[in-house]
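Comments concern the structure below.
A short reminder: the numbers here are calculations on the coordinates, not readings from a lab. These numbers come from a predicted model, not from an experiment. Virtual Cβ from ideal backbone geometry, glycine too; neighbours counted across all protein chains shown.
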Amino acid sequence: MRTIQRKAPPDCLARQPKNQPWSEFIGTPCHSDLHTGLRQEQHGLCCYCEHQIEDSGNHVEHLEPRQRNQKRTYDYTNLALSCNGGNAKHCGHYKDNRQRNPNYEWDAARFSSPHDTETSSLFSYLLDGSINPTPVDKEKSLFLIGYLGLDCSRLIDRRHQHARDLIDILGEEPDPDIVSWLCKEYLQPDTNGHLKQFYSLSKAILEP
């Protein structure tokens, strides 16, 4: 997970009725503004797996599930943009799905927000596409990997292909100019403010 730097929420979010069902909020102009703002804030990447957020196949995610704490439904500090995880195989729609993910459930003590600067240090990314815990806090690392499905075959395969593409461009003896160009392409936002997918894996390869 890449660290997400928070920006100001849309003004309309604070004006939402406290007891308004989330389903009624979806589709409103304020929801659209929120979605656009979160996408910009996250540089176009999913808050969990760092897959690129497209125009569809994503949702505004409650980090602490609404069922656990209704008071945080419109709390901006509890909101982020998540991909749908390829039919809920990982990320937001997977983490609290008791049928798909029966071995994990919300645990505030072990959950670490993508807005927390320590979270990105909990994982290491390997060239084979796997994701491993680091010694920083192994218990939190393992919990987040399982809770969010970050080690599912879909993500492993996609990260593996991403790594292979980068390694193929680098070659056996990377040219400094090629490395500099790749760092600009993969580690810096484009003209739309978006990053390419799997930023943390790219960083592990280009800036080991």
Exercise. Under a point-charge model restricted to the Cβ atoms of Lys and Arg (+1) and Asp and Glu (-1), what is the dipole moment magnitude of segment 60-127 relative to its Cα centre, in debye to the nearest 20?
Worked result: 280 debye
For this session: Show the residues, 5+ positions off or on another chain, whose built amide H is closer than 5 Å to the amide H of Arg2.
Result: none
Exercise. For segment 96-166, what's the relative contact order in percent, using C-alpha pairs closer than 8 Å and at least 6 residues apart?
Worked result: 30 percent
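Using Cα pairs under 8 angstrom and six or more residues apart, how large is the relative contact order of segment 64-103, in percent?
22 percent
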For this session: Normalising by the residue count of segment 11-206, find the relative contact order in percent from Cα pairs under 8 Å and 6+ residues apart.
Result: 20 percent
Exercise. Amide H of Leu81: which non-local residues (sequence gap of 5 or more, or other chain) have their own amide H closer than 5 Å, using H built in the peptide plane?
Worked result: Cys47, Glu61
Exercise. Among 75-83, 9-17, how do they line up from the highest to the lowest mean number of other beta-carbon atoms within 10 Å?
Worked result: 75-83, 9-17
Problem set entry | Per-peptide average of other Cβ atoms within 10 Å, ordering 104-110, 28-34 highest first | 28-34, 104-110
Exercise. Are any of the pairs Lys140/Lys203; Lys18/Lys184; Lys18/Lys196; Lys89/Lys196; Lys140/Lys196 more than 32 Å apart by Cα-Cα distance, and if so, which?
Worked result: Lys18/Lys184; Lys18/Lys196
Exercise. With the dipole of the chain worked out from charges on the C-beta (+1 for Lys and Arg, -1 for Asp and Glu) around the Cα centre, which of Cys47, Pro21, Pro10 lies farthest toward the positive end?
Worked result: Pro21
Problem set entry | Alpha carbon centroid spacing (whole Å) that separates segment 154-183 from segment 190-208 | 11 Å
Exercise. Per residue, what volume in Å³ does the Cα convex hull of the chain take up?
Worked result: 124 Å³
